[in-house]
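Written below as structure tokens is the structure these notes are about.
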Amino acid sequence: MLTILFDGFAYGMILFVLACGLSVTLGLMNFINLAHGAFAMAGGYLTVVLMNRFGVSFFLCIPAGFLVSAALGVVLERTLYVRLYARSHLDQVLFSIGLVFMAVSAIDYFMGAQQQLITLPPSLQGRVSLFGIQVGIYRLFVIAICLVLAVALQLILSRTRFGSQLRAAVDDARVARGLGINVSLIFTVTFAFGSGLAGLGGVLGAEILGMDPTFPLKFMIYFLVVISVGGATTLTGPLLASILLGIADVAGKYYVPTVGSFIIYTIMVVVLILRPQGLFGRANAR
Amino acid sequence: MFALLSYFRPDTATAAGTLLAPVRWRPLEILFWLVAASLLWLAPSKVLLLNEIAILALFVLSLDLILGYAGIVSLGHGAFLGVGAYAAGLLGKHGFTDPVMGLLIAGAAAGLLGFVTSFLVLRGTDLTKLMVTLGVALILRELANKFGNITGGADGLTGVVMGPVLGLFEFDIFGKTAYGYSLTVLFILFYVARRLVNSPYGLMLRAIKGNSLRTGAMGVPTNHRLVTIYTIAAVYAGIAGALLAQTSQFVSLDVLDFHRSADALLILVLGGSGQLWGAVIGSIAFKIMYDYLAAITPQYWQFWLGLVLVLIVLFGKGGILGFVNSSREWLAHRLGKGAAK
């Protein structure tokens with residue numbers, strides 16, 4: 001029972017890392033980027049290639065996944081996404097779905113359709129006893145990283161100069177520009193950071209979630225559930241939502257496997273009917 | 001002769017003429033339906049593909065009604081297609097084999113679901129609408145999967161028996177009856193939709209899409225209008241699903257898959273949303289492209305699909321129809337200039 005709770009918690013934390021980048025682009029920059037999972041997939045596949053072909057250590061793959069996905073984010077943001085900030089949500093949805101389709105086929109072409117496996121370093125394998133329950137070391141490791149990230153992100157957004165500049169740029173880009181804030185640079189950095197976080201989530205999740213070419217489509221729904229249930233205006237909302245979702249999903253699969261994802265979708269729809277701005281979101285004028 | 005000419009070219013100088021201009025049938029439109037019907041005899045080897053195109057066009061048309069005219073974004077329109085398909089399939093399987101009655105019942109079933117779920121899409125932002133529609137479609141898919149004893153689950157619903165259409169036309173293995181049947185249904189519903197969007201009601205929908213707050217202030221009951229059009233669109237999609245089930249005599253979970261809804265969106269944007277012909281032309285272009293690409297790269301055709309989508313959003317506002325219209329305007333502009341000189 002407690003082990004399931006713990007596994008669900010770890011699962012939820014990975015979902016949070018995967019989704020929080022999206023919460024930044026969607027909640028702060030008001031851009032619906034369904035291709036977010038593709039960045040996560042980039043990180044995951046990078047890990048697979050680096051570890052299995054070149055024998056790079058898993059610990060090095062973690063920053064590498066972040067950096068490569070972030071770099072990919074910069075390139076795509078500068079060339080493509082920047083043209084779509086002012087467009088309608090429908091255009092953004094279509095554009096990013098197009099990107100997802102391309103990413104899925106490209107990975108399929110280069111890596112094959114089978115699920116990719118990685119072997120964790122021995123120091124992360126096995127289980128330890130913690131407060132009387134058996135927990136996997138890797139899951140403990142994941143939770144630790146994710147918690148640190150969550151706190152750091154919250155601090156960056158709320159306490160630093162960059163955070164307040166970002167919030168100003170989002171609230172009113174024109175006025176922010178007039179005050180001398182380099183809005184497009186801030187958006188690029190933020191987007192890159194969000195993509196990097198997705199890549200990091202992909203690295204961490206490669207072992208738990210599994211990597212195959214349909215990853216972006218399969219998990220797109222989970223990301224969107226996290227964001228829409230948690231509300232995209234804060235970081236604590238998605239954090240709580242992803243933990244809830246993780247636990248509900250793991251427990252649901254363990255106790256009532258026949259019901260499948262049914263519960264999650266139902267919860268989502270009910271939450272959205274009752275609170276369209278999300279469980280923890282503030283009512284937003286936009 | 002003059003009367004005929006003035007029918008096709010109404011006087012756009014007056015307000016009434018401007019409003020009536022899109023209502024009249026243009027020669028090109030009439031020609032299109034004649035060609036589509038004559039293909040039944042001219043291209044008998046292609047009727048299976050043509051049947052798929054007709055059904056797809058009807059489905060995309062239904063999405064156009066809510067997205068192109070009323071501005072409701074949906075990622076779960078496939079839900080209604082699926083409900084219609086399963087309703088028609090189950091009727092056929094359990095001895096209720098009249099196709100037209102099956103079509104009506106399937107449309108009614110999907111319409112009922114559309115009416116009930118329409119209240120969910122009235123609230124919230126675009127994202128909320130996307131998620132709620134997506135969620136409803138996912139729930140339905142899970143349900144169809146779970147109740148395998150009724151729907152056949154992952155194996156699909158087999159053993160659908162169909163009687164002759166109107167008691168006259170037996171379904172044949174070459175799909176001739178199927179295409180004629182689907183095309184007739186498409187034509188009737190297209191005609192109805194054409195009347196609908198050009199009526200005051202259709203104008204109201206476009207006003208709501210433009211600015212729902214202001215339209216509400218003008219005294220239009222916006223929610224009421226949106227519920228109506230969402231229900232109508234659901235009926236349309238349900239009928240498309242029923243056609244799919246009846247002409248293939250098989251229903252699988254695939255009808256409720258996410259890609260159905262995503263494809264419909266894509267096709268609509270490809271053809272040009274907010275115009276009924278956009279749905280039809282988009283479906284034709286999509287199916288031909290799909291056939292062509294799937295023949296070259298069966299596994300990776302999605303890549304090219306994605307590329308087309310990205311390019312359309314970036315450069316091609318308005319899809320194929322938008323391109324045709326703007327190039328026609330450009331040409332007229334150039335010619336006008338030339339004449340002035």
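Data table
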{"quantity": "Cα long-axis angle, helix B:319-340 against chain B (0 to 90 degrees, to the nearest 10)", "calculated": "20 degrees"}
{"quantity": "Mean projected area (nm²) of the alpha-carbon convex hull when segment B:261-327 is viewed from all directions", "calculated": "4.4 nm²"}
{"quantity": "Rounded tilt (10° steps) of B:78-93 against the dominant C-alpha axis of chain B", "calculated": "50 degrees"}
{"quantity": "Segment B:Glu170-B:Phe119, length gained on full extension (0.36 nm per residue, minus Cα span)", "calculated": "14.3 nm"}
{"quantity": "Debye-sum result for segment B:26-137 in log10 I(q)/I(0), which assumes one identical scatterer on each alpha carbon, at q = 0.11, 0.15 Å⁻¹", "calculated": "-0.50, -0.83"}
{"quantity": "Solvent-accessible area buried by B and A, counting both chains, probe 1.4 angstrom, square angstrom", "calculated": "3600 Å²"}
{"quantity": "Two-decimal Rg to Rh for segment B:140-253 - Kirkwood Rh, Cα set", "calculated": "1.13"}
{"quantity": "Binned Cα-Cα distances of segment A:58-214, short to long, each 5 Å bin given as a whole percent", "calculated": "2, 8, 12, 16, 17, 15, 12, 9, 6, 3, 1, 0"}
{"quantity": "A:Thr266 accessible area, assembled protein chains, probe 1.4 Å, Å²", "calculated": "50 Å²"}
{"quantity": "Å² of accessible area per residue within chain A, as computed with a 1.4 Å probe and no ligands counted", "calculated": "42 Å²"}
{"quantity": "Residue (of B:Ala106, B:Thr151, B:Thr117) at the positive-pole extreme of segment B:104-192, dipole from beta-carbon charges", "calculated": "B:Thr117"}
{"quantity": "Delta accessible area of at least 50 Å² on complex formation, residues of segment B:280-308, 1.4 Å probe, chain isolated as reference", "calculated": "B:Tyr300, B:Gln302, B:Phe303"}
{"quantity": "Average accessible surface area per residue within chain B, 1.4 Å rolling probe, Å²", "calculated": "47 Å²"}
{"quantity": "Chain A: calculated mean residue ellipticity at 222 nm from DSSP helix runs of at least 4, using -39500 (n - 2.57)", "calculated": "-24000 deg cm²/dmol"}
{"quantity": "Sequence-distant residues sharing a close amide H with B:Gln275 (under 5 Å, placed H)", "calculated": "none"}
{"quantity": "Helix axis angle, A:36-54 relative to chain A longest principal axis, alpha carbon, degrees", "calculated": "50 degrees"}
{"quantity": "Global geometry of segment B:39-257, whether rounded, prolate or oblate, following the gyration tensor of its Cα atoms and the 1.5 cut on a/c", "calculated": "oblate"}
{"quantity": "Where labels lie 7 Å past Cα in the beta-carbon direction, separation of B:Asp254 and A:Thr266 in nm", "calculated": "3.0 nm"}
{"quantity": "Helical mean residue ellipticity (222 nm; -39500 (n - 2.57) per DSSP H run of 4+; nearest 500) of chain B", "calculated": "-23500 deg cm²/dmol"}
{"quantity": "Kirkwood estimate for chain A, i.e. one over the average of 1/r between Cα atoms, Å", "calculated": "19.4 Å"}
{"quantity": "Residues whose placed amide H lies under 5 Å from that of B:Val251, excluding near-sequence neighbours", "calculated": "B:Leu157"}
{"quantity": "Global form of segment A:6-98, assessed from the alpha-carbon gyration tensor, a/c cut-off 1.5", "calculated": "oblate"}
{"quantity": "Cut-off 12 Å between beta-carbons: net charge of the residues surrounding A:Phe6, Lys and Arg +1, Asp and Glu -1", "calculated": "+1"}
{"quantity": "Selected from B:Ala245, B:Ala37, B:Leu270, residue furthest toward positive end of dipole (the protein assembly as shown; charges at beta carbon)", "calculated": "B:Leu270"}
{"quantity": "Hz values of 3J(HN,Hα) by residue in segment A:96-104 - Karplus curve (6.51, -1.76, 1.60), Gly and Pro given as x", "calculated": "6, 5, x, 4, 4, 4, 5, 5, 4"}
{"quantity": "Two-site FRET efficiency, A:Ser88 against A:Lys218, from Cβ-Cβ distance with R₀ of 25 Å, rounded to 0.05", "calculated": "0.40"}
{"quantity": "Distribution of pairwise C-alpha distances over the protein assembly as shown, 20 Å bins, in %", "calculated": "18, 50, 28, 5, 0"}
{"quantity": "Charge dipole (debye, nearest 20) of the protein assembly as shown; +1 at Cβ of Lys and Arg, -1 at Cβ of Asp and Glu", "calculated": "1800 debye"}
{"quantity": "Long-range HN-HN contacts of A:Met211 with modeled amide H, under 5 Å", "calculated": "A:Gln116"}
{"quantity": "Protein accessible area in the protein assembly as shown, 1.4 Å probe - carbon and sulfur %", "calculated": "69 percent"}
{"quantity": "Using a Förster distance of 22 Å, the FRET efficiency for B:Ser45-B:Val100 (Cβ separation, nearest 0.05)", "calculated": "0.20"}
{"quantity": "Pairwise FRET efficiency - B:Asn211 versus B:Arg24, Cβ, R0 = 25 Å, nearest 0.05", "calculated": "0.30"}
{"quantity": "Partner chain coverage, peptide A:103-115 - average Cβ within 10 angstrom", "calculated": "2"}
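The values are calculated or read from the model by the stated rules, or taken from the named source; none is laboratory data. Computed from a predicted model, the values in this text were never measured in an experiment. For neighbour counting, all protein chains shown are included, and Cβ atoms are generated from backbone atoms with ideal geometry for every residue, glycine included. Accessible surface is based on the protein model in full, side chains and every heavy atom, while ligands, DNA and RNA are left aside. Shrake-Rupley method; radii C 1.70, N 1.55, O 1.52, S 1.80 Å.
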